[in-house]
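Down below is the structure, laid out as structure tokens.
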């Protein structure tokens, strides 16, 4: 019976996960006319003048975003969980979740207005940071933070709900025992809740890492809206896209994808080990 | 980035294993790239197989043609539908490839991979698209002067208008409009301030400096758009976009003309005499309506900015299109800012309908004279359009003559490479200028960025 339950997942994982990966791997090692190409595609992609800057951009974005996501989501979930009133807690969770209901591109479009000091509802904040024009707001140095804020806004709500669920799974007796021992909210969070959330935080980190290294929609839409001031080759995925569809270099594109996969898998392995995701109770 | 909403999974630790597996497979998806079924059979120019000079697919006169236009060209498609209600068309809007977004090319490449789905007719705002659309194992653009269109009809285009869409002597596209840069100015403001209209870049700089002190807040130009280099550097005969043959590219930021233009701009940008907002931004309209003393820019600013209630909305009889500026003692030259182009797909199953459509949108007065916002590229339409503008008296001071003259002064030292030099300017220069750096100090960076882009697109760079 259990095989029937997992069969749907396995089928989709093969069709949309494993097979495309193997195909990309195969393409990255062959030339455009077929035939083994060794590491030529990797070298070409690596030597492309846009490659290293794109790596830097994605790394900066993922760094800023992952840290703020992990810290703030955990913090907010703890706070929401600590709210005693049921209706308040659930409505706060609902409000957090709303932005996540918007599809990727449309939420970026909404941010175009927020980021433009002329029309932004928070123009005072932008001006306080010294941004008088849209171009200044989206200048290259600000982009990792801008993208991180957008991604946080769209994604954090869902994670807060998940973390809230995880907090609920902590047995009441444990929390009660802590209370009897005289632990306040902060001590309970630090010594009981956080350690018991460790696996969930790792899980969030892995999922977000997968999403974050694929940065594409945000720079793509911002690029069109900013009349190309935000480069079309900002992220690695954009570069892979340009390789495939602007330079007709599908093999080079596959090479970029494979490199991205290797890095993501490496980082995920780190979180899996550190987070104890494979440990069994 | 694809947003992956965390699922509300059950909270039993055992299922974490499944969750980890999900995470792993999502990472795997991250790495998958567009699939390919290998290159589709290449379209060799077998002149014998078709009277049009390219291999056509089986024609079906009843099949609807898919037409891609940008928002500004929707009226063209609508006018055609009104004029020919019996020709089945499907109109789709896209961004027109504006500012070098590359959407036309990337979509076509995706269709090439899929082996189907191509639109029949495409409008593009970029006049360098023929460079890629005519090349490759499966080129998109149909050659138009090998029997598809009558040569006598093609000859009706303004001389030189088809140069950007001509590759290796074959015409692959039709120009929608001509877009030479002119020196727009507000005659009423000029009179009011007691200024004379400059004819050289030196006078232009002097006037800009005067405006900055005497009338701060008024502007003599704008460099906030990706086509700023086409207006200023192309017009200054700065060799920053030289294409020789089909695969040689060069750019020279140390050329005296390049440096001189950078100095002119550096003298005027910091004081605000040249604005940094995009002319299509709300900021620009908010800050400069009624305050545009001068604005070197393409002819299509006429309908896009001045005679547009949503933009500068100038009063009739105030705005003039001055002649392009010259360096002191030299002949004037000007740049070219786009000017849309129409392409036909080789894969079209209804070439007759496509031809009818193209003839209509380029050379029928019901669109080009009655509705078009810019100077038509088809000569007879251009004359009628200019006559209509003169009649309306919206623009003053010899508008038709100046525009006609400017159209003949486009400097031939700039080419039409496969990549967008506009996008290169926008990403390397615009944010730096906004941060207060001088253009002269950025010239070397710009040259390097252009050369890098050229190299990535397969050009030999010198």
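Readers should treat all values here as calculations from the given coordinates under stated rules, not as data from a laboratory. Since we're looking at a predicted model, the values are computed, not measured. Positions of Cβ are generated from backbone atoms using ideal geometry, with glycine treated the same way; all protein chains shown enter the neighbour counts.
Decide, for segment B:266-396, between rounded, prolate and oblate: order the square roots of the alpha carbon gyration tensor eigenvalues as a ≥ b ≥ c, take rounded if a/c falls under 1.5, and otherwise choose prolate if a/b is larger than b/c, else oblate. Write out the running numbers ahead of the final one.
Working: a/c = 1.87, a/b = 1.79, b/c = 1.04.
Prolate is the answer for segment B:266-396, as a/c is 1.5 or above and a/b outweighs b/c.
Compute for chain B: radius of gyration divided by Kirkwood radius, i.e. Rg/Rh, restricted to C-alpha atoms, rounded to two decimals.
Numbers: Rg = 24.3 Å, Rh = 23.9 Å.
Computed over Cα atoms, the ratio is 1.02.
Compare A:42, A:271, A:16 in a GNM of chain A, Cα atoms joined below 10 Å, and give the one with the largest fluctuation.
Of A:42, A:271, A:16, the Gaussian network model singles out A:16 as fluctuating most.
On the first, second and third principal axes, largest extent first, how far apart are the outermost C-alpha atoms of the protein assembly as shown in Å?
91, 69, 51
Just want the ordering: B:424, A:162, A:109, from fewest to most Cβ atoms lying within 10 Å of their own Cβ.
Values: B:424 25, A:162 22, A:109 13.
Ranked by crowding around the Cβ, least crowded first: A:109, A:162, B:424.
Would you mind telling me which residue in A:98, A:256, A:150 has the biggest mean-square fluctuation in a Gaussian network model of chain A, where springs connect alpha carbons within a distance under 10 angstrom?
The residue that fluctuates most here is A:98.
If the label point is 7 Å along Cα→Cβ of residue B:289, which residues in segment A:105-137 have backbone nitrogen under 16 Å from it?
Those under the cut-off are A:118-119.
Go ahead and estimate [θ] at 222 nm for chain A from helices alone: -39,500 (n - 2.57) per DSSP H run with n ≥ 4, summed, over the residue count, rounded to 500. Mind dumping the intermediate values first?
Details: 15 runs with 204 residues, N = 281.
When only DSSP H runs of four or more count, the value is -23500 deg cm²/dmol.
Over the Cα atoms of segment B:167-226, how large are the radius of gyration and the largest Cα-Cα distance (Dmax), in Å?
17.3, 53
Write down, largest first, the equivalent ellipsoid semi-axes of segment B:207-270 in whole Å, where each equals the square root of 5 times an eigenvalue of the alpha-carbon gyration tensor.
On the way: eigenvalues 170, 28, 10 Å².
Value: 29, 12, 7 Å, ordered largest first.
Taking each residue of A:11-24 in turn, how many C-beta atoms of other protein chains fall within 10 Å of its C-beta, and what is the average? It would help to have the intermediate numbers written out before the result.
Values: counts 0, 1, 7, 1, 0, 5, 11, 5, 3, 7, 8, 2, 5, 6.
Average per residue, whole number: 4.
Using mean Cβ contacts within 10 Å as the protection proxy, how do B:93-106, B:449-462 order, highest first? All intermediate terms of the calculation are to be shown ahead of the outcome.
Working: B:93-106: 21.7, B:449-462: 18.1.
Taking the mean over residues of other Cβ atoms within 10 Å, the ranking is B:93-106, B:449-462.
Take the alpha carbon gyration tensor of segment A:86-236, find the square roots of its eigenvalues, order them as a ≥ b ≥ c, and report rounded if a/c is under 1.5; if not, report prolate when a/b exceeds b/c, else oblate. Walk me through the intermediate numbers first.
On the way: a/c = 2.66, a/b = 2.18, b/c = 1.22.
Verdict is prolate for segment A:86-236.
Which residue, A:140, A:99, A:121, has the most motion in a Gaussian network model of chain A that connects Cα atoms within less than 10 Å?
In the Gaussian network model the winner is A:121.
Using every alpha carbon pair in segment A:195-281, what percent of pairs falls into each 5 Å bin from 0 up to the bin containing the largest distance?
Percent of Cα pairs in each bin: 3, 14, 18, 17, 14, 12, 9, 7, 4, 1, 0.
By average Cβ neighbour count within 10 Å, what is the ranking of A:44-55, B:395-406 from highest down? The partial results should precede the final answer.
Numbers: A:44-55: 17.4, B:395-406: 19.0.
Final packing ranking: B:395-406, A:44-55.
Which of A:2, B:345 comes first, and how do the rest follow, when ranked by fewest Cβ neighbours within 10 Å? Walk me through the intermediate numbers first.
Numbers: A:2 6, B:345 24.
Sorted ascending by nearby Cβ count, the order is A:2, B:345.
Calculated from DSSP H runs of 4 or more alone, at -39500 (n - 2.57) each and per residue, what is the 222 nm mean residue ellipticity of chain B, nearest 500?
-10000 deg cm²/dmol
Report the Cα centroid-to-centroid distance between segment B:277-308 and segment A:176-232 in angstrom, as an integer.
44
Mind pulling up the Rg/Rh value for chain A? Radius of gyration and Kirkwood radius, both on Cα.
Values: Rg = 22.0 Å, Rh = 21.4 Å.
Over the Cα atoms of chain A, Rg/Rh equals 1.03.
Given the Cα atoms of segment B:59-122, and with Rh set as the inverse mean 1/r over their pairs in the Kirkwood sense, what is Rg to Rh to two decimals? It would help to have the intermediate numbers written out before the result.
On the way: Rg = 12.9 Å, Rh = 12.8 Å.
Taking Rh as the inverse mean 1/r over Cα pairs, Rg/Rh reads 1.01.
Could you give P(r) for segment B:177-333, binned at 10 Å from zero, as whole percent values over all Cα-Cα pairs?
Taking every Cα pair in segment B:177-333, the percentages come to 11, 41, 35, 11, 2, 0.
Name the shape class, rounded, prolate or oblate, that the alpha-carbon gyration tensor gives for segment A:1-157, where a ≥ b ≥ c are the square roots of its eigenvalues, rounded holds for a/c under 1.5, and otherwise prolate holds if a/b is larger than b/c and oblate otherwise.
Working: a/c = 2.74, a/b = 1.28, b/c = 2.14.
Oblate, since a/c reaches 1.5 and b/c is not below a/b.
In Å³ and rounded to a whole number, note down the convex hull volume per residue for the Cα atoms of segment A:124-175.
On the way: hull volume 6.1 nm³, N = 52.
Hull volume normalised by residue count: 117 Å³.
How shielded is B:277-285 by partner chains, expressed as the average number of their Cβ atoms within 10 Å of its Cβ atoms?
Numbers: counts 5, 6, 0, 1, 8, 5, 8, 2, 1.
Mean number of neighbouring Cβ atoms from other chains: 4.
Share of antiparallel DSSP beta bridges in chain B, in percent to the nearest 5?
Values: 24 of 40 bridges.
DSSP beta bridges in chain B are roughly 60 percent antiparallel.
One quarter of the convex hull surface, Cα atoms only: what value does that give for segment B:341-387 in nm²? Walk me through the numbers on the way to the answer.
On the way: hull surface 13.6 nm².
The directionally averaged projection comes out at 3.4 nm².
Relative to a virtual label point 7 Å from the Cα of residue B:78 in the Cα→beta-carbon direction, which members of segment B:343-372 show backbone nitrogen distances below 17 Å?
B:361, B:366-372
Assuming a viscosity of 1.306 mPa s and a temperature of 10 °C, what translational diffusion coefficient in µm² per second does Stokes-Einstein assign to segment B:47-90, Rh being the Kirkwood radius over Cα pairs? Each step should come with its number before you reach the end.
Details: Rh = 12.5 Å.
The estimated diffusion coefficient comes to 127 µm²/s.
If we count other beta carbons within 10 Å of each Cβ, what is the order of B:86, B:150, fewest first?
B:86, B:150
Evaluate 2.2 N^0.38 Å with N set to the residue count of segment B:90-189, then give the Cα radius of gyration divided by it. The partial results should precede the final answer.
Values: Rg = 16.0 Å, N = 100, 2.2 N^0.38 = 12.7 Å.
Relative to the 2.2 N^0.38 Å estimate, segment B:90-189 comes out at 1.27.
Please figure out what share of the DSSP beta bridges in the protein assembly as shown is antiparallel and state it in percent, rounded to the nearest 5.
Details: 25 of 41 bridges.
Taking every DSSP beta bridge with both residues in the protein assembly as shown, the antiparallel ones total about 60 percent.
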